[in-house]
Amino acid sequence: MKKTCLVTGCAGFIGSHLTQSLLDAGHFVLGVDNFASGYVHNMDGFIDNAGFTFYERSIAEEGLLAELKQAHPDLDVVFQLAAVVSVPYSVEHPELTMQINFEANRDMLDTAKDLGISSFVFAGSAAEYGNEDRLPVKEEYAQDAEQLSPYGIAKYKSSAYIEDSGYGCSLRFFNIFGPRQDPTSQYSGVISRFVDFGLAGKNMVIFGDGEQTRDFLYVSDVVTAYLIAAGLDEQGRGPLTGIYNVGTGLGRSVHELATVVAGLTSAPEGIDFKPERAGDIRHSRADISKIAAEGFKAEVAFEKGLARTVDWAMKSKS
């Protein structure tokens, strides 16, 4: 059954992939973005799609969802990805971060529930766990965690509000990577920065000894998790409620990552090690048993995802 879906942050790295997948599956998509961190060119593949309607708006605008529902009565699924996405920016602008990353989410969730929208899926974050040293990280660990930034605090408050409401779900994603991730931004992931170094023929730069580990998840698997959460996957198990970790359940070292990326690019074999940055988390790996019970499994192997990311980066630079 084809649905009318709202994707906020549709011009972002992840939102654009989700929007494209929904359209490819025959759904109708309303896209919202104010380009605070998204890019028009990320929408090149679908901006002219007959099933896509774009609104250059902010999720902080009062009454936005009700207005969209009135204009599009069939709207029945909300993917809430729009956010202040930079941790350093959140430290400098804590009030704005709380307004966008918690208050706007809270109001949108309440409105969606009142309007009878069947699925509400929020983009949570592993930052909700702070510097958690119990591995793998379970969903309940966030309850006694000390989040390290206004970004993490606001995301946690949103996830907790969703869980307490009994409506909608929050997907706590770990380290996402893939095509369209901007290596020049201050909030870019380590993979996109390594790819940028490699294609420029520069040494990889690692802060610390490189033995710190992360749970790296390819963007198409992220999209799969969103579809499952909304009840739009092939199994159609119905919309999820509550909080779910989303990752691979595997930890990869930053040194291993640098070595693989160097082999896929023209980077020298040498690695420049620099002092460890204050506040960096040593190890991060998700317990994914809860989302796995709903049918999720990461399908794209680490090396294959890296190869696809490098290939896209090479084409985008040509």
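The values are calculated or read from the model by the stated rules, or taken from the named source; none is laboratory data. Only a predicted model underlies this, so the values are computations on that prediction, with no experimental measurement involved. Virtual Cβ from ideal backbone geometry, glycine too; neighbours counted across all protein chains shown.
Out of Ser253, Ser266, one residue alone is touching a strand residue (DSSP E or B) at 6+ places or on another chain (Cβ under 7 Å) and in contact (Cβ under 8 Å) with a residue 24 or more places away in the chain. It is Ser253. If the condition is being crowded, with 16+ Cβ neighbours inside 10 Å and either of a type outside the set (Gly, Ala, Ser) or at pLDDT below 95 (or both), then region 29-46 contributes Val29, Leu30, Val32, Asp33, Asn34, Ala36, Ser37, Gly38, Asn42, Met43, Phe46. Is there a residue being in contact with a strand residue (DSSP E or B) (Cβ under 9 Å, 6 or more places away or on another chain) and touching a residue at least 40 places away in the same chain (Cβ under 8 Å) anywhere in region 32-49? Looking for residues that are in contact with a strand residue (DSSP E or B) (Cβ under 9 Å, 6 or more places away or on another chain) and touching a residue at least 40 places away in the same chain (Cβ under 8 Å), one finds at least one in region 32-49, hence yes. Here Ala82 does not fit the description of being exposed (fewer than 15 other Cβ atoms within 10 Å of the Cβ), modelled with pLDDT of 95 or more and assigned to a loop (DSSP other than H, G, I, E, B). Answer yes if at least one residue in region 174-189 is over 28 Å from Met108 (Cβ atoms) and either in contact with a His (Cβ under 7 Å, 6 or more places away or on another chain) or modelled with pLDDT under 90 (or both), and no otherwise. So far as region 174-189 goes, yes, one or more of its residues are over 28 Å from Met108 (Cβ atoms) and either in contact with a His (Cβ under 7 Å, 6 or more places away or on another chain) or modelled with pLDDT under 90 (or both). Against the numbered list (1) part of a helix (DSSP H, G or I); (2) at pLDDT below 95; (3) not acidic (Asp, Glu), Val223 comes up short only at (2). Applying the selection to region 269-286, what residues are within 23 Å of Asp215 (Cβ to Cβ) and free of Cβ contacts under 8 Å to residues at least 60 places away in the same chain? Within region 269-286, just Ala278 meets the criteria.
Between Tyr156, Tyr141, which is outside any loop (DSSP other than H, G, I, E, B), surrounded by 19 or more Cβ atoms within 10 Å (Cβ to Cβ) and free of Cβ contacts under 8 Å to residues at least 60 places away in the same chain? Criteria check complete, one pass: Tyr156.
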